[in-house]
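The values are calculated or read from the model by the stated rules, or taken from the named source; none is laboratory data. For clarity, every value in this text was computed on a predicted model and none was experimentally measured. Cβ sites come from the backbone with ideal geometry, for glycine too, and all protein chains shown count toward neighbours. SASA here: full protein model, heavy atoms, side chains in, ligands and nucleic acids out. Shrake-Rupley method; radii C 1.70, N 1.55, O 1.52, S 1.80 Å.
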Amino acid sequence: MSALFRIRVLAVSDTGLWCAAAGRLTPATSRALHIELTARCAGTTVVGLDLRQLRLPQDELLPNPLWPAGPTTIHLLAPPLLRSRTTADDERLHWHTDLDAAWQAWSALAP
């Protein structure tokens, strides 16, 4: 199977990690992205995810959350379609509308 998405680690600070994901994402590959992000973020407590470059299906719900399991704080930049499909019950999530605000929040918390 060819990769439909790619993940780049952009910054690391002790137990903090910032990464970006890009590419075509389908309901079938959303679980694979979650597993990959969880593996890359193992041992971190503060994570920043830039998901703005993900291309999402327009008419299908994604079955699982994309963000990693494990970190205590996750700063998310995401396309409106993804934001509208998620619930607010995960207290770890902090949504940001612009990169500068997300970066400042992540870098202030990362040790």
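Computed quantities for the displayed model
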item	result
Percent accessible area from carbon and sulfur atoms, the chain, protein chains only, probe 1.4 Å	54 percent
Point-to-point label distance, Thr72-Arg31, nm (Cα→Cβ direction, 7 Å offset)	3.1 nm
Structure-derived Cα extents along the principal axes in Å - corresponding label in [x] 38, 28, 23; [y] 74, 29, 27; [z] 51, 27, 22	[x]
Length added when fully stretched, Ala105-Arg83, from 0.36 nm per residue minus Cα-Cα	6.1 nm
Crossing angle, helix 27-40 versus the chain [Cα axis fit, 0-90 degrees, rounded to tens]	20 degrees
Fluctuation leader among Trp95, Trp67, Trp18 - the chain, Gaussian network, Cα springs under 10 angstrom	Trp95
Accessible area per residue, Å², the chain with all protein chains present, probe 1.4 Å	54 Å²
Under Karplus coefficients 6.51, -1.76 and 1.60, residue-wise ³J(HN,Hα) of segment 73-83 in Hz, glycine/proline x	9, 10, 9, 10, 10, 8, x, x, 4, 5, 4
Between 0 and 90°, nearest 10: helix 99-109 axis offset from the chain longest Cα axis	50 degrees
